[in-house]
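> Got a structure for you, written out below as C-alpha cells; questions coming shortly.
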Amino acid sequence: MPEPTSFTSRFTSRRGLLLGTAAVSAGTLLTGCTSNDPKEEEPAANDQPAADDKPGKQVTIGFAGPQADHGWLNAINDNAKNRAKKYSDVTLEITEGSNDTAQQIGQIETLINKKVDVLVVLPADGKALTQVGLKAMRAGIPVVNLDRIFNTPQAYRCWIGGDNYGMGLNAGHYIGEKLKGKSDARVIELAGLDNLELTKQRTQGFDDALKNYPNIRKVARQAAEFTVESGQAKMAQLLQAQPKFDALWNHDDDQGVGALRAIEQAGRDDFLMVGGAGALSAFQAIKQDDGVLKATVLYPPTMAASAIDLARALGQGKGVGGLAEFEIPASITLYSAVVDKENVDQYMSTGFR
C-alpha cells in the first residue's frame with residue numbers, strides 16, 4: 001500500500017457499508033422536502049433517479065481483488081458476490097485474485113478487453129496497479145477503487161474504503177473512557193505489520209486519542225504480522241515483558257485469535273482488550289463476555305458490497321439513495337464503529353471468519 005503525503009494518504013490501507021456501519025443500499029433512503037401543505041411538496045434538489053432495488057439497465061461489473069489469504073480478504077470476495085446476486089440486473093465477472101502484481105494486472109486487462117461496464121478493484125498494491133486503473137478509465141470503463149488506493153484520482157471514479165486512523169482513534173477513546181477514573185493507568189499495543197502505512201495510521205490515531213487522558217500511559221508496543229501465529233508469539237513476549245497493565249489494543253482480530261491463546265496460556269485476566277476489524281470470533285467472544293476481549297473497532301468488509309452498489313449505480317447512470325446529487329461521490333470513508341456487548345448483536349451477521 002502506498003504512502004502518499006497528500007489528502008489521500010489516510011485512505012491508503014491494507015484492509016475492510018456505504019455511508020456508515022451498515023451498507024446503505026442505494027435507494028434505501030429517499031430525500032425529500034415536505035411542508036404542512038401537501039400541495040407544496042417538491043423534490044429536495046433534483047429529479048435524478050436514485051439507484052434502488054428495482055431492476056434497471058443490465059450492468060456487467062468486473063471484480064478484481066487480491067488472493068483471499070486472510071479472513072478479511074475472503075469476506076471481501078463473499079460480500080461482493082452476495083451483493084451482486086441480489087440484483088437481477090447485475091452480472092459479476094470475478095477474477096481468481098492474486099497477490100502477484102503482474103498477474104493481477106493481467107486479470108484486470110482481461111476484464112477491460114471483455115468491455116465490462118464498470119470495474120471494482122481492490123489492488124494487491126495500489127501504487128503498482130495505478131496504470132491499469134488509468135487504462136480502464138481511458139477506455140471509458142469507470143473504476144470503483146476499493147480500499148487500497150491508486151496513486152492518482154485519475155485512475156478511479158470513486159474510492160471507498162476503511163479509516164485506519166479512525167480505528168486507532170476510536171479504540172483509544174473507548175479504552176480511555178473505560179480507564180478514566182484509574183490513576184496511572186497503563187496500556188499496551190499489539191500492532192500489525194510496521195512496514196505498512198495503515199499500521200502507522202492506526203497507531204497514530206490511538207496515540208492521539210490517548211492524549212485526551214493524562215492518567216493513561218502507553219508502556220509497550222509490539223508489531224505482529226496479521227496472522228494467528230504471529231499474534232500468539234508477539235503477545236507472549238508482551239505478557240512476559242509487562243507483568244502489569246490495564247488495557248490492550250490489538251490491531252487485527254485474526255492475529256487476535258493467537259493473542260487470546262497466549263493470554264489464556266499465561267492465565268492473565270487482569271486487563272481489558274480491544275480488537276480490530278470485526279471477525280465473527282471476536283463478536284462471539286464479546287457476546288459471551290467471559291474473557292478479556294470487551295470490544296473491537298470495525299474495518300468492515302461490507303465495503304465490497306457497497307462497492308457493488310456504487311458500480312451498479314454508475315453503470316445505470318444513477319445517483320445514490322439518500323443523497324441529492326446526480327452523481328455518486330468521489331470518495332467514501334467508512335466509519336470504524338466500536339462493537340461491544342451492548343451492540344454486538346446488531347453486527348453479528350457482518351462478522352467474517
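> On a full-extension model of 0.36 nm per residue, what is the gain between K57 and D345, subtracting their alpha-carbon distance, rounded to one decimal in nm?
Contour length minus the Cα-Cα distance gives 100.1 nm.
> Hey, what do the phi angles of the stretch 336-344 turn into as Karplus ³J(HN,Hα) couplings, whole Hz, using 6.51/-1.76/1.60 and θ = phi - 60°, x for Gly and Pro?
8, 5, 8, 10, 10, 4, 6, 10, 4
> Still on this structure: Quick one: Cα convex hull volume of the stretch 246-353, Å³ per residue?
115
> Right, next: Considering only C-alpha atoms, what is the centroid distance from the stretch 166-185 to the stretch 218-253, in Å?
Cα centres, the stretch 166-185 to the stretch 218-253: 17 Å.
> If we restrict to alpha carbons, what Rg and Dmax does the stretch 99-152 come to, in Å?
When restricted to Cα atoms, the stretch 99-152 yields Rg and Dmax of 9.8, 26 Å.
> Give me the number: length gained by fully extending R268 to E96, i.e. 0.36 nm times residue separation minus the C-alpha to C-alpha distance, one decimal in nm.
That works out to 57.7 nm of additional length.
> Multiplying the sequence separation of E177 and E325 by 0.36 nm and subtracting their Cα-Cα distance, what value in nm do you get?
Using 0.36 nm per residue and subtracting the Cα-Cα distance, I get 49.4 nm.
> From the alpha carbon gyration tensor of the stretch 114-251, can you work out the equivalent ellipsoid semi-axes (sqrt of 5 times each eigenvalue) and give them in Å, largest to smallest?
Each semi-axis is the square root of five times an eigenvalue, giving 39, 17, 10 Å.
> Next question, about the same structure. For all pairs of alpha-carbon atoms in the stretch 308-353, what percent lies in each bin of width 10 Å, listed from the first bin to the last filled one?
21, 34, 28, 17, 0
> Under a no-solvent Debye model with one identical scatterer per Cα of the chain, what's log10 I(q)/I(0) at q = 0.07, 0.10, 0.11, 0.14 Å⁻¹?
With one equal scatterer per Cα and no solvent, log10 I(q)/I(0) is -0.32, -0.62, -0.74, -1.08.
> Where the convex hull is taken over the Cα atoms of the stretch 45-121, what is its projected area averaged over directions, in nm²?
The number I arrive at for the stretch 45-121 is 6.5 nm².
> Among T199, Q232, Q242, pick out the residue whose Cα is farthest towards the positive end of the charge dipole of the stretch 144-274, where Lys and Arg carry +1 and Asp and Glu carry -1 on C-beta, about the Cα centre.
The one lying farthest along the dipole's positive direction is Q242.
> With +1 on each Lys and Arg Cβ and -1 on each Asp and Glu Cβ, and nothing else charged, work out how big the dipole of the stretch 135-271 is about its Cα centre, in Debye to the nearest 20.
Roughly 380 debye for the stretch 135-271.
> If you don't mind, another one. With a 1.4 Å probe and every protein chain kept in, tell me what percent of the accessible surface of the stretch 225-353 is carbon plus sulfur.
With neighbouring chains kept in place, the figure for the stretch 225-353 is 48 percent.
> Going down the table (K234/K294; K218/K287; K54/K135), which pairs top 29 Å between alpha carbons?
K54/K135
The values are calculated or read from the model by the stated rules, or taken from the named source; none is laboratory data. Everything numeric in this text was worked out from a predicted model, so none of it was measured. Cβ: placed from backbone, ideal geometry, glycine included. Neighbour counts: every protein chain shown. Keep in mind that these areas ignore ligands, DNA and RNA; they rest on the heavy atoms of the full protein, side chains included. Shrake-Rupley method; radii C 1.70, N 1.55, O 1.52, S 1.80 Å.
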